[in-house]
Amino acid sequence: MEKSPGFRVAILGAAGAVGQPLAMLMKKNPLVSVLHLYDVSNTYGVTADLGHMDTGAVVIGFIGEEQLEVALTGMELIIILAGAPRNPEMSKDEILKNNVRILESLCDAIAKHCPKAIVNMISNPVNSTVPIAAEIFKKAGTYDPKRLFGVTMLDVVRANTFVAEARRLDPRKVNVPVIGGHAGATILPLLSQVQPPCSFTPEETEYLTNRIRNGKTEVVQAKAGAGSATLSMAYAAEKFAEACLRGLRGDAGIVECAFVASQVTELPFFASKVRLGCSGAEEVYQLGPLSEYERIGLEKAKKELAVSIEQGISILNS
Ligand code: LMR
């Protein structure tokens, strides 16, 4: 059989509620030639199911830590969704404590078996899990800040959708930069920089900013005990993964917001626009001119973000 040209991608946490729809979207993506699905259970079922899709990517399932080495070897992009079971009421802190040990074992394995891969971190809370992964890679001697991304794309797709609704635009043609991080007040949409240019009253700005920040709660409440965002999360994860793969392929002008190692503010990690290329994050852009409302939001976001970054590292070390 002719093998489709493309990239080798692994999803860690592939049998979960975000993992399964993400795996389906990646299996459908023409930039993917090999798709490894790793989890602690049920990946063979998901693999058999997706394996019947008549798309180019070859999908292979792996279960349990003893198969992690084979799952990771040769991979060019790793998407980490893995986490301990949780309910939607859990705070970001509780989620973090449960997830740190899982992340430690996955990141150690990545450092050993595919140290040059791009890593897209989705496991929450991203504001802390990215600094944690960076520390683990530093200890292993493989850290490359250009190759580690916290995926904040869900905030961007929500912002695009809500702004499009407010202005009766096609959401596919709207681009809202969302900076800061991926939790509460750290999520700062730059409504003054929307493309195509739109202007908003102070009330509209307040309403849209809050709706974007509270997107998670909106879904949790609508699902009424049945979980948090999974389908839109999978969509956003695939959208960002595709941007990374297009960057790796050498496409020009791929710019997306992501939470990365940054010198744009005094914080070591910050989400802003990033140019994606063959080596990962090739350029992290400055924030550009901010409105007064955004400047105030930025100060608040930075304070909260500093705590989350610090907290991640101290839980890892404790
Ligand atoms: C969201 O923003 O909705 C997600 O991060 C949900 C979650 O907690 O996984």
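Structure data summary
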quantity	calculated
Options Glu266, Glu206, Glu218, Glu304: the member that is within 13 Å of the ligand (Cβ to nearest atom) and among the acidic types (Asp, Glu)	Glu218
Filter result for the condition that a residue is among the hydrophobic types (A, V, I, L, M, F, W, C), away from the ligand (no atom under 13 Å from the Cβ) and within 20 Å of the chain's Cα centre (by Cα), over Leu188, Leu231	Leu188
Subset of the range 122-150 (residues that are surrounded by fewer than 20 Cβ atoms within 10 Å (Cβ to Cβ) and either among the aromatic types (Phe, Trp, Tyr) or within 13 Å of the ligand (Cβ to nearest atom) (or both))	Tyr143
Residue match in the range 151-166 (condition: surrounded by fewer than 24 Cβ atoms within 10 Å (Cβ to Cβ) and touching a Gly at 6+ places or on another chain (Cβ under 6 Å))	no
Hits in the range 105-116 (condition: crowded, with 22+ Cβ neighbours inside 10 Å and closer than 19 Å to Gly19 by Cα)	Leu106, Cys107, Ile110
Residue match in the range 142-155 (condition: small (Gly, Ala, Ser) and more than 16 Å from Ala261 (Cβ to Cβ))	no
Selected residue [among the β-branched types (Val, Ile, Thr) and free of Cβ contacts under 8 Å to residues at least 60 places away in the same chain] from Thr152, Thr186, Thr142	Thr142
Candidates Ala166, Ala159, filtered to the one that is modelled with pLDDT of 95 or more and over 18 Å from the mean Cα position of the chain (by Cα)	Ala166
Test for Glu94: is it out of contact with any Ser or Thr (no Cβ under 8 Å at 6 or more places or on another chain), surrounded by fewer than 16 Cβ atoms within 10 Å (Cβ to Cβ) and outside any loop (DSSP other than H, G, I, E, B)	yes
Single residue of the range 92-121 satisfying the filter (of a type in the set (S, T, N, Q) and within 19 Å of Thr152 (Cβ to Cβ)) that is farthest from the ligand (Cβ to nearest atom)	Asn120
Extreme residue, surrounded by the fewest Cβ atoms within 10 Å (Cβ to Cβ), among residues of the range 275-303 that are touching a residue at least 24 places away in the same chain (Cβ under 8 Å) and among the hydrophobic types (A, V, I, L, M, F, W, C)	Cys278
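This table checks each residue for (1) of a type in the set (Asp, Glu); (2) under 22 Å from Arg86 (Cα atoms); (3) out of contact with any Asp or Glu (no Cβ under 8 Å at 6 or more places or on another chain).
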{"site": "Cys198", "(1), (2), (3)": "no, no, yes"}
{"site": "Glu203", "(1), (2), (3)": "yes, no, yes"}
{"site": "Arg211", "(1), (2), (3)": "no, no, no"}
{"site": "Lys216", "(1), (2), (3)": "no, yes, yes"}
{"site": "Val219", "(1), (2), (3)": "no, yes, yes"}
{"site": "Ala222", "(1), (2), (3)": "no, yes, yes"}
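The values are calculated or read from the model by the stated rules, or taken from the named source; none is laboratory data. Everything quoted here is computed from the prediction, not taken from an experiment. Positions of Cβ are generated from backbone atoms using ideal geometry, with glycine treated the same way; all protein chains shown enter the neighbour counts.
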